[in-house]
């Protein structure tokens, strides 16, 4: 049976590889999958692969499902220029020792666009036909922890349906991973489009984008004096090939690969900082492009309870209108069955804390303690008690 499965898989990969040569290579096939939905990650400059516990970034961070302890539902809405809207919804389910499962659905498009056929006279007033354009994306993701909970691994698959002047279908598969180097340091990796990102159009045109690889870093430090935790996030530009950065934010020519122009590659990265107070408030700021100060972002979030979180993000742009983004996360399970459950921590972190507690207890036992004892002594005059 396994021989048959192996043979079938080999034939499928061979057929896919042979067909790929007939496709037209483009930059940004299925680009709707690259839009940031979560207000938290957006406020941090879009460094989504390094941000933990942001369900609205499930498209680019499937590994976060590895630490799923409760069910969560998340929604996001944003209005861009010319009334273009982006709506995103996601849900996660914990699977115990098997990690977590997630689903997401999004729509990016515009409605009531005036449509005038070529050669027709310009209409008067609002007496004209309209049309709508939209991209619909469905995501299925799964994540689980390995290597004594040091490695978080996630895999996701995305399907896209596009309604423009002609319809189109797209598909992409991604893999993400986090490695907890230390209790306060996590290294992230995201392989976008390991299946390649392919699109087919109604007229028969086939397009695809090659796989792309990103790196990320998350460093956080509790600061008891300010009653909170400070965190820094970084996400690199693509490593494998040139992205759509030939004309960057300010119109200058960029897009160099890592081994060609290291400084340019570093400048194409994203970064953000966050301070989360113990009482639930979080303040954030970032840069969507380290080489462009006008790409600054900012935002805030507040945990109204252990089952409800609200986030806001502001994204500036040197030429286009600024973007305001709002997102909401709700846990039905924690609402219906309240319980105090801390955010998931790797097993080695928990063990380290236990070891520290045991060490402190042992030290306290070794310290001399002054006590009052009653000593019974005997003498010729009889028995008496001395304190």
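Readers should treat all values here as calculations from the given coordinates under stated rules, not as data from a laboratory. These numbers come from a predicted model, not from an experiment. Note: ideal-geometry Cβ built from the backbone for every residue, glycine included; neighbour counts use all protein chains shown.
For the stretch 142-162 and the stretch 209-229, what is the centre-to-centre distance using only Cα atoms, to the nearest Å? Cα centroid of the stretch 142-162 versus Cα centroid of the stretch 209-229: 18 Å apart. Ordering 86, 179, 233 from the fewest to the most neighbouring beta carbons within 10 Å gives 179, 86, 233.
Distance between the modelled labels on residue 281 and residue 167, one decimal in nanometres: 5.1 nm (7 Å Cα→Cβ projection).
Taking other C-beta atoms within 10 angstrom as a stand-in for reagent exposure, 140, 293 fall in the order 293, 140, fewest first. Our summary gives the stretch 72-139 a relative contact order of 27 percent, counting only alpha carbon pairs under 8 angstrom and 6 or more residues apart. The overall shape of the stretch 104-159, judged from the alpha-carbon gyration tensor, is prolate: a/c is not under 1.5, and a/b is greater than b/c. Look at where the Cα atoms of the stretch 257-322 and of the stretch 94-114 average out, and the two centres are 22 Å apart. The order of 265, 201, going from fewest to most other C-beta atoms within 10 Å of their C-beta, is 201, 265.
Does the stretch 68-194 come out rounded, prolate or oblate by the C-alpha gyration tensor, with a ≥ b ≥ c the root eigenvalues, rounded set by a/c under 1.5 and, if not, prolate when a/b is larger than b/c and oblate if not?
It is prolate, given that a/c is not under 1.5 and a/b is the larger ratio.
Annotation: extensible slack from residue 132 through residue 294 equals 55.1 nm (criterion: 0.36 nm per residue apart, minus Cα-Cα distance).
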